[in-house]
Amino acid sequence: MCGIVGYIGDENASDIVIDGLKRLEYRGYDSAGIALCTKDGMMVRKKKGRIKNLEDMIAGENLYGHLAIGHTRWATHGAPSDANAHPHCDRSGKIAVVHNGIVENFMQLKEWLISEHGVEFHSETDTEVIAQLIGIFYHGDFEDAVFQAVEKMQGAYGLGVICADEPGKLIAVRKDSPLIVGLGEGCNFIASDIPAILKHVRKIYLIENNETVVLTASSVKIYNAERREVHREVFNVTWDADAAEKEGYDHFMLKEIHEQPKGIRNTITRRMDEEGNIVLDGIRMTKEEIENFNKVYIVACGTAYHAGLIGKTVIEKLAGISVEVDVASEFRYRDPFVDENTLFIAISQSGETLDTLAALREAKRKGARILSVVNVVGSSVARESDDVFYTWAGPEIAVASTKAYTTQLVCMYLIGLYMGRAKGSLEDSVYRTYIEELLTVPEKIEEVLKQERQIADLAKKYYKRDNIFFIGRGMDAAVSYEGSLKLKEISYINSFAIAAGELKHGTIALIEDGTLVVSIAAQDRLFEKMLSNIQEVKARGADILALAKESNTAVERQADDVIYIPECMDEITPLISIVPLQILAYYIAKQRGCDIDKPKNLAKSVTVE
Ligand code: F6R
């Protein structure tokens, strides 16, 4: 969702904050703004649209100061506009606030501020309520005013607050929205995400829920909700700042597609000893605990949910245990059947998706053991889990998830193999075959990546289609959901994915002359069945772009075009077959002139319900 950055130190704070916002733009990009404490008091500049618009607006102005907060917005309350952009100020203009999250009781607070204090509002946002609230409580003690305001707020918030009367102090607050503090030499930072400040610092404090942080240029103090100071270990960021740069690729998405072999290699090999045994660092589950689970629940959103669908097939097969999969926003309100014998697996790239986090808490409340599969180290989902299985994809910046997805899939296989072995239900020879196959996946993906030009040509052929369907059976059905999601989110083409066998139960009515049907027939076991489904849609006028293994050339008799993937064991095809679909979506979106890394209406990390 929204991105926030703040700086206090000797340098010019506005340059540092604007640079940080650019690195966070993937979190939201419908407006941006900055508030700066200058020698003439508080200066606020904000503008609808991209950060570039804000930069153009302030170009030529001498914005100079040592304390600033900035924000890049993904609208929740009120449309994208200059007025609704953050920062928001209180009525005195002394207090400025940036906010990531949603204040759930903002209407009550707003009514109270209007009726009891005659406050006039200038935006439709919940954030202005926070600024006005702090303003009402401010009588010379800035920290106290923030504490009092926060006590009245319900919902999720990561806040950065500054006060013109105290230009040497930056206050930040966290509840259910990500917040970190960067520790510099003679300067300190706040941000909603590490890449924003990685250029300047590697030492980080991960701020916990209901904590308030008071920063000066030379000190950082963290307080709990009872206003008692708490100690925090320093977290050292080990990944490279360059990993968050484009490195010559036109878009982060394309770079991240190409990084999949490396991410998968890292995710597998870091967890394997020389004999090919899986070593799960960070997971403390005992053999007895694994044996006692009678059900696995996988919960996630969007692309991560699609990884969960593959996880269901894989874990059921390898570990011989029943697995349910659900989208987090449904799980949490369904009173699901979960108890202390349930293993709950939360999958999340960001580790900050609010629905996933809420589902995790619900499962925890019911006694489940929580294992999370997360990419962002130290994120909320990771911290609230009993065990964490990190994907080693590296930072994923493009809104459309690619390398996080394939590394999440790898984790599903490793978890299934590990559990199967621990339970003694998996034969050693089967285990070894899977491990050998998994180790070949990176080079097979490299083979697929060599077809990038041919896939780009297919994109040129098909990019003007209004409707594109995706079909597949078994694990290919889950791959088709993911391929369709990739396409629609970045190209805005109306796309629909369905298990191929379900087509004739209704959806086939939509097939007409020229409808493009991307048909995933990657598994030998289901190949003949898929050929029948392809025939069904072809007979109704559809054009067919098929995806199959190299040996299954029979598909050419039905398909207008075919993308081949290298031979591999049926069970691991999803790791490979998604890659050409990612490339196809990318080049179709490129042909259509879309803003690939920052699609409209979306944000990288969905920290609101
Ligand atoms: C689509 C995409 C989203 C995310 C979803 C969950 O490309 O990225 O569907 O998968 O918002 O996000 P995380 O994995 O961060 O919980």
Charges on Cβ only, +1 for Lys and Arg, -1 for Asp and Glu, centred on the Cα centroid of the chain; of His306, His77, Leu487, which one is farthest towards the dipole's positive end? Leu487
Computed accessible area, Arg453, all protein chains, 1.4 angstrom probe, square angstrom: 140
Relative packing of 2-15, 317-330, 344-357, which averages over residues the other C-beta atoms within 10 Å, highest first: 344-357, 2-15, 317-330
Run the numbers for Leu439 and Ala539: contour at 0.36 nm per residue of separation, minus the present Cα-Cα distance, in nm. 32.0 nm
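Could you please put Glu274, Glu550 in sequence from largest to smallest accessible area, using a 1.4 Å probe?
On the way: Glu274 180, Glu550 100 Å².
So, going from the largest accessible area down, we get Glu274, Glu550.
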Over the range 280-376, calculate the relative contact order: mean separation of alpha carbon pairs under 8 Å at least 6 apart, over the residue count, as a percent. 30
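Could you give the dipole magnitude of the chain about its Cα centre, charging the beta-carbon of Lys and Arg +1 and that of Asp and Glu -1, in debye to the nearest 20?
Values: 70 positive and 91 negative charges, 130 e Å.
With Lys and Arg at +1 and Asp and Glu at -1, about 620 debye.
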Hey, what did the range 327-417 get for relative contact order, percent, Cα under 8 Å, at least 6 apart? 25
For q values of 0.19, 0.20 Å⁻¹, compute log₁₀ I(q)/I(0) with the Debye formula on a Cα-only model of the range 144-234, without solvent. -0.86, -0.95
What order, most packed first, do the peptides 307-315, 552-560 have when packing is the mean number of other Cβ atoms within 10 Å of each residue? 307-315, 552-560
What is the Cα convex hull volume of the range 372-480 when expressed per residue in Å³? 159
Which angle between 0 and 90 degrees, to the nearest 10, do you get for helix 142-152 versus the longest principal axis of the chain when only C-alpha atoms count? 50
Treating the beta-carbon of each Lys and Arg as +1 and of each Asp and Glu as -1, no other charges, what is the dipole magnitude of the range 553-609 about its Cα centre, to the nearest 20 debye? 440
Kindly state, to the nearest 0.05, the FRET efficiency for Lys199 paired with Lys450, given R0 = 25 Å and r defined as their beta-carbon distance. 0.15
In nm, what is the difference between 0.36 nm times the number of residues separating Asn53 and Ala79 and their Cα-Cα distance? 7.7 nm
For the range 462-605, just the Cα set please: Rg and Dmax, both in angstrom. 14.4, 43
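Might you tell me the accessible area per residue for the range 88-229, computed with a 1.4 Å probe and given in Å²?
Working: 5280 Å² over 142 residues.
Result: 37 Å² of accessible area for each residue.
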Give the residue from Phe189, Ile130, Leu113 lying farthest towards the positive end of the charge dipole for the range 76-218; charges sit on Cβ (+1 for Lys and Arg, -1 for Asp and Glu) and the dipole is referred to the Cα centre. Phe189
Once the Cα atoms of helix 302-319 and of the chain are each reduced to a long axis, what angle between those two axes, in degrees from 0 to 90 to the nearest 10, is obtained? 50
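Would you mind telling me the share, in percent, of accessible area of the chain contributed by carbon and sulfur at probe 1.4 angstrom? Mind showing how you got there, number by number?
Values: 10640 of 22690 Å².
Of all accessible area on the chain, carbon and sulfur atoms account for 47 percent.
Would you mind working out the magnitude of the charge dipole of the range 347-429 relative to its Cα centre, with +1 at each Lys and Arg C-beta and -1 at each Asp and Glu C-beta, to the nearest 20 Debye? Please report the intermediate quantities before stating the final value.
Values: 9 positive and 9 negative charges, 48 e Å.
In total the dipole reaches around 220 debye.
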FRET efficiency for Ser429 and Glu275, using Cβ-Cβ distance with R0 set to 22 Å, rounded to 0.05: 0.90
If r is the Cβ-Cβ distance from Glu316 to Gln591 and R0 is 56 Å, what FRET efficiency results, to the nearest 0.05? 0.90
Based on alpha-carbon centroids, what's the gap between the range 166-237 and the range 548-573 in Å, whole number please? 52
For the range 274-392, compute Rh as the Kirkwood radius over C-alpha pairs and then the Stokes-Einstein diffusion coefficient at 25 °C and 0.890 mPa s; write the answer in µm²/s, rounded to an integer. 173
With an 8 Å cut-off on Cα pairs and a minimum separation of 6 or more residues, tell me the relative contact order of the range 539-609 in percent. 20
Leaving out ligands, DNA and RNA but keeping every protein chain, what accessible area does Glu447 have, in Å² rounded to the nearest 10, with a 1.4 Å probe? 90
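Write down the accessible area per residue of the range 381-432 in Å², having rolled a 1.4 Å probe over the full set of protein chains. Can you show the working numbers first?
Working: 1240 Å² over 52 residues.
I get 24 Å² per residue for this part.
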Run the quick spin-label model on Ile283 and His117: label points 7 Å from Cα toward the beta carbon, then report their separation in nm to one decimal. 5.0
Taking the mean number of other Cβ atoms within 10 Å as a proxy for protection, how do you rank 364-371, 125-132 from highest to lowest? 125-132, 364-371
Solvent accessible area, Å² - Trp74, 1.4 Å probe, full protein context: 60
Considering the Cα positions of the range 1-100, please state its Rg to one decimal place and its Dmax as a whole number of Å. 12.1, 36
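So between Trp239 and Asn494, what do we pick up on full extension, going 0.36 nm a residue minus the alpha carbon distance? Write down the numbers at each step before the final one.
Numbers: separation 255, 0.36 × 255 = 91.80 nm, distance 3.75 nm.
Separation in residues times 0.36 nm, less the Cα-Cα distance, equals 88.1 nm.
Please calculate how many Å² of accessible area the range 22-78 carries per residue, with a 1.4 Å probe and no DNA, RNA or ligand atoms counted. The partial results should precede the final answer.
Values: 2330 Å² over 57 residues.
Each residue of the range 22-78 exposes 41 Å² on average to a 1.4 Å probe.
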Give me the angle, in degrees from 0 to 90, between the Cα long axis of helix 475-491 and the longest principal axis of the Cα atoms of the chain, rounded to the nearest 10. 40
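State the dimensionless ratio Rg/Rh of the chain (Rg: radius of gyration of Cα atoms; Rh: Kirkwood radius).
Values: Rg = 25.3 Å, Rh = 25.4 Å.
When Rh is taken as the Kirkwood radius, the ratio is 1.00.
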Kindly provide log₁₀ I(q)/I(0) values, in the same order as q = 0.17, 0.23, 0.24, 0.28 Å⁻¹, from the Debye equation applied to equal alpha-carbon scatterers of the range 154-203. -0.56, -0.90, -0.94, -1.07
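The values are calculated or read from the model by the stated rules, or taken from the named source; none is laboratory data. Because the structure is a prediction, the values reported are computed rather than measured. Methodologically, a virtual Cβ is constructed for each residue, glycine included, from the backbone with ideal geometry; neighbour enumeration extends over all protein chains shown. Protein only, heavy atoms only, side chains kept; ligands, DNA and RNA dropped before computing areas. Shrake-Rupley method; radii C 1.70, N 1.55, O 1.52, S 1.80 Å.
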